[in-house]
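Where a number appears in this text, it was derived from the coordinates with a stated rule and is not lab data. All of these numbers come straight from a predicted model, not from anything done at the bench. Cβ atoms come from the backbone with ideal geometry, glycine included; neighbour counts cover every protein chain shown.
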Amino acid sequence: MTTTASLPLMQGLLLAGLLFGLGLIGLLVRRNIIFVLMAVEIMLNAAGLAFVVAGARWGQADGQVMFLFVLALAAAEVSVGLALVLRFYREFNQLDADAACRMWG
Amino acid sequence: MLELLWLVPALPFFGSALLAVAGGWCSRRVLTVVGVGSVAGSMIVAGLVGFRFLRSVHSDPVYGQTLWTWMGVSGFAPTIGFHLDALSLVMMLVITVVSLLIHVYSTEFMIDDEGYRRFFAYMNLFVASMLTLVLADNLLLLYLGWEGVGLCSYLLIGFWYREPVNGQAAQKAFIVTRLGDAALAVGLFLLFARLNTLNIQDLLQRAASQWSVGSGLAIAAAALLLGGAVGKSAQLPLQVWLPDAMAGPTPVSALIHAATMVTAGVYLIARMQGLYNLAPSVQTAVAVVGALTLLLAGCSALVQRDIKRVLAYSTISQIGYMFLALGVGAWTGAIFHFMTHAFFKALLFLSAGAVILSLHEEHDIYEMGGLRTELPVCFWTFVVGAASLAGLPLITAGFYSKDGILLDVWASPLGGPWLWAAGMLGALLTAIYSFRLVFVVFFGERRTAVGSKPGRAMTLPLVLLAGLSLVAGYVELPKLLGNVHLFNELLRTVQPVTEYDNLSTGTHVALLLFTMVVALLGISIAYLLFLLRPGLATAVAGTGWGGALSRCWFEGWGFDRLYDRLFVRPFLWAARVNQDDLIDQVYRYVAWLCRLLYGALHRMQTGQVRWYAAVLATGSIAMIAIVVFS
């Protein structure tokens, strides 16, 4: 109780926002699909951090519970994502995400 | 006995249905039995009913039979019901007798045709429709029969449908009569809207009590019904379909001309007589239409080369007589002429059909010639028919009916010398063209070898009809020649019989003699022109004026060309102009707009995941900004 109260809300959220923004930038500017995946992971972690901070602020366990969900989600996402990356590499012999733009009509 | 009335139209109808549904498994013999037997049964029932009815006609002049209510929609409840009075009795008897003889004739005429079953199915339906028409007690059921007759004429005129020309003739008949039918339908709507019933007797009563003589509504209704009658009966200006209707088999022509289709209009006007009494101007129009048609068609009949077309124009002209009689108020005279005309016109068509069959489908009268000795039965029956048509005095039925009409036209206040003169001129033309056929076809030298000769099934109806054409007139004789009035006495129970006392005996004798002289004069002219001096007619046709006139007559006064210019071509022109539909343009712009929007939107769908993510992020930020800052 006492330790969580000392966790500063403002800095925590700032850090989460910064991390989220970095992840977003990474998502938008990297073409290598593995880096895109990593950027998504960063964004997920940023969101998790925001949950934890918020949970600490109000002294509720919900934030931590949500973070566990986010971790599970991230693990699932990574397994599916890596499988997609493997298929992608087989198909195109490269990892450039833009190479998959078959949908222009 | 009278309760059997419903069987009269029902028997041929069932015959037709049976032939249509089950006829495929039957042999020709069974088909013949069903096809002819149903009409024969109908005739027997009609005879029994008629016999029973005639015994009590003067005490009880109307018999009604309602089978069931057709439909009931808020006050509109037409029945399937039949109405028997002297008028429908005469029509019914003539239709069944003549139809039966034509059916018997057809069993031999059509024996080699692959469409034997189809033919009898249509013919039975034709007879059933016509009987429904004349027996109906309300105008809606009458209209059902009316349309049934139109349908059957279409089916039968185009019976040999493999020839495109026949199909066109059938369509022409259908479309032209449809114009009249549309007028009739509008007339029925008008009558129902104003008088709130379609039952003929109620309708006439209400009209007489609610409308004054010459009121606008009565005139409109009578004129619309006249439109329908003009279409079905092939009168001016809708007469163009009948000559082309010769495309069907000859028994069909006989049926259409003698017993069914074309007399429907005459019957309609006679039946709606009460309405025409309220609209004297329309009644005069009926007489004028009849007189004009009579002359125009008579002239056209003079110059045709196809034997059936001569007879077709002759029918148009004789129906013109009936209209003339209706128009001057000689209601019974019109029905009398209908009866005799049914006999001799059926006779002429069937006889001509036998000639055509014997000469292997030769229709041109100038290719016939000299058949007098080769086909004696055809010759004598044809002569009887032609004499009756021409009105050969004293011995033929046609003389008495035509003379009756001419007397009435002279004496009636609605008639007068002008209409009488038109009728007289028509009688002269009739005598000339009918004996032109006799002399050209049966006299002179032979031009085509005769093939098969008609057998018993064909000659028997011919002989019977010839007998009827001779004796049918004796039921109604003018005052000076026997003074027999059986027919008028019968019809007096439904229709007023006008007797003209203003006619002095001297005038009467003069008119009678005049009619006789005109008929004999016509026959003599035909003898002179077509047997004695055949060069004379060709010489007249060779001169400039004569040639132009005979060409004009040959083409039926150019009505076909006129209608082609007036209606067909403008219609085709409009269709061509509008072939890329004007209204389509609107929808074309709608389609163009959709394409434009699609062109703009499809650029967003690039397939680039990072671009999607950027858009998503931008959108989210924008949404959040809106939520936070507003």
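Of all residues in the stretch B:613-630, how many are among the β-branched types (Val, Ile, Thr) and within 13 Å of chain A (Cβ to nearest Cβ)?
4
Looking at the stretch A:5-30, I want the residues that are more than 10 Å from chain B (Cβ to nearest Cβ) and within 19 Å of A:ALA61 (Cα to Cα) and have a partner that is of a type in the set (Val, Ile, Thr) and assigned to a helix (DSSP H, G or I) with Cβ atoms under 7 Å, at least 6 apart or on another chain. Which pairs are those?
A:LEU7/A:VAL53; A:LEU9/A:VAL53; A:GLY12/A:VAL53; A:LEU13/A:VAL53; A:ALA16/A:VAL53
Quick one: A:GLN94 ticks every box in (1) in a loop (DSSP other than H, G, I, E, B); (2) within 14 Å of another protein chain (Cβ to nearest Cβ); (3) not hydroxyl-bearing (Ser, Thr, Tyr) bar one, so which box is it?
(2)
Please tell me if B:LEU347 is out of contact with any strand residue (DSSP E or B) (no Cβ under 8 Å at 6 or more places or on another chain), surrounded by fewer than 24 Cβ atoms within 10 Å (Cβ to Cβ) and within 15 Å of B:SER314 (Cβ to Cβ).
So B:LEU347 does not fit the description; no.
Which residues, taken from the stretch B:592-606, are surrounded by fewer than 14 Cβ atoms within 10 Å (Cβ to Cβ) and either within 12 Å of chain A (Cβ to nearest Cβ) or part of a loop (DSSP other than H, G, I, E, B) (or both)?
B:TYR598, B:GLY599, B:LEU601, B:HIS602, B:ARG603, B:MET604, B:GLN605
Check the stretch B:539-548 and report whether any residue there is in contact with a Phe, Trp or Tyr (Cβ under 9 Å, 6 or more places away or on another chain) and part of a helix (DSSP H, G or I).
Within the stretch B:539-548, none of the residues are in contact with a Phe, Trp or Tyr (Cβ under 9 Å, 6 or more places away or on another chain) and part of a helix (DSSP H, G or I).
Quickly run through the stretch B:1-60 and pick out the residues that are of a type in the set (Ser, Thr, Tyr) and buried (at least 19 other Cβ atoms within 10 Å of the Cβ).
B:SER16, B:THR32, B:SER38, B:SER42 - these are the residues of the stretch B:1-60 that are of a type in the set (Ser, Thr, Tyr) and buried (at least 19 other Cβ atoms within 10 Å of the Cβ).
When you look at B:LEU392, is it under 25 Å from the mean Cα position of the chain (by Cα) and in contact (Cβ under 8 Å) with a residue 60 or more places away in the chain, yes or no?
Taking the combined requirement at face value, the residue does not satisfy it.
Go through (1) within 14 Å of chain A (Cβ to nearest Cβ); (2) among the basic types (Lys, Arg); (3) under 23 Å from B:LEU295 (Cβ atoms) and name the single condition B:ARG610 misses.
(3)
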